[in-house]
Amino acid sequence: MASRTLVIGLSVAALATGSARAQEDVASRKFLEAAIARNNLEMKLGQLAEVRGSTPEVRAYGQLLARGHFPNPLAANRLAAQLHMLAPLRGSGEARAERTKLRAMADPDFDGAFVRLLATRQAEDLTDFRGQAARGGAIADLAREAVPILERQLMTVRALERGVSGEPAGGS
């Protein structure tokens, strides 16, 4: 009887572990889907800044963003395909609305609005990617590769944000 209880207990523990792994897998897949969508949108925002930016610094940052978050631009899409996921081609409706709003802005207002938006988005991206990078698996590996790129993008946009707000370039 004791051995039957032990077997049942081990089976329940194995199911719980499997369920936790399955939930982690779902969370990782949701991360990948969101990361691809955000990356695609931010690449488009970067392209917009390359054209609409009024300073060389904003245009250069746009060019940096247009390359994306991932060392290999197609790596995330390939990974999604390997996991039998459909990679999103568009960002959320809210994100597309942000892009439309920026596109409609007058030139003098574009740089400030663009930089403020991207400073917020890049900080959120970095937090999400670092969290995913702490996990295991192929999606975490991809996130770990992207973290240094996101760190550089965030440092750049924060410096631009200081410039747009009138703070000295060396300010923190």
*Among the residues of region 135-143, is any free of Cβ contacts under 8 Å to residues at least 60 places away in the same chain and either farther than 18 Å from residue 31 by Cβ or in contact with a strand residue (DSSP E or B) (Cβ under 7 Å, 6 or more places away or on another chain) (or both)?*
no
Of (1) within 18 Å of residue 55 (Cα to Cα); (2) of a type outside the set (Lys, Arg); (3) in contact with a His (Cβ under 7 Å, 6 or more places away or on another chain), residue 149 satisfies every one except (1)
Among residues of region 46-57 being out of contact with any Phe, Trp or Tyr (no Cβ under 7 Å at 6 or more places or on another chain) and of a type in the set (A, V, I, L, M), the residue surrounded by the most Cβ atoms within 10 Å (Cβ to Cβ) is 48
Out of (1) touching a helix residue (DSSP H, G or I) at 6+ places or on another chain (Cβ under 8 Å); (2) without any contact (Cβ under 8 Å) to a residue 40 or more places away in the chain, the one residue 56 does not meet is (1)
| task | Examine region 126-137 for a residue that is assigned to a helix (DSSP H, G or I), modelled with pLDDT under 95, among the aromatic types (Phe, Trp, Tyr) and surrounded by 17 or more Cβ atoms within 10 Å (Cβ to Cβ), and state whether such a residue exists. | result | no
With criteria (1) in contact with a helix residue (DSSP H, G or I) (Cβ under 9 Å, 6 or more places away or on another chain); (2) of a type outside the set (Phe, Trp, Tyr); (3) modelled with pLDDT under 90, residue 51 comes up short on (3)
Checked pairs for region 113-124, first over 12 Å from residue 163 (Cβ atoms), second of a type in the set (Gly, Ala, Ser), C-beta under 7 Å and 6 or more apart or across chains, list as 114/49
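The values are calculated or read from the model by the stated rules, or taken from the named source; none is laboratory data. Keep in mind it's a predicted model, so treat the numbers as computed, not measured. Ideal geometry is used to build each Cβ from the backbone, glycine not excepted, and the neighbour counts take in all protein chains shown.
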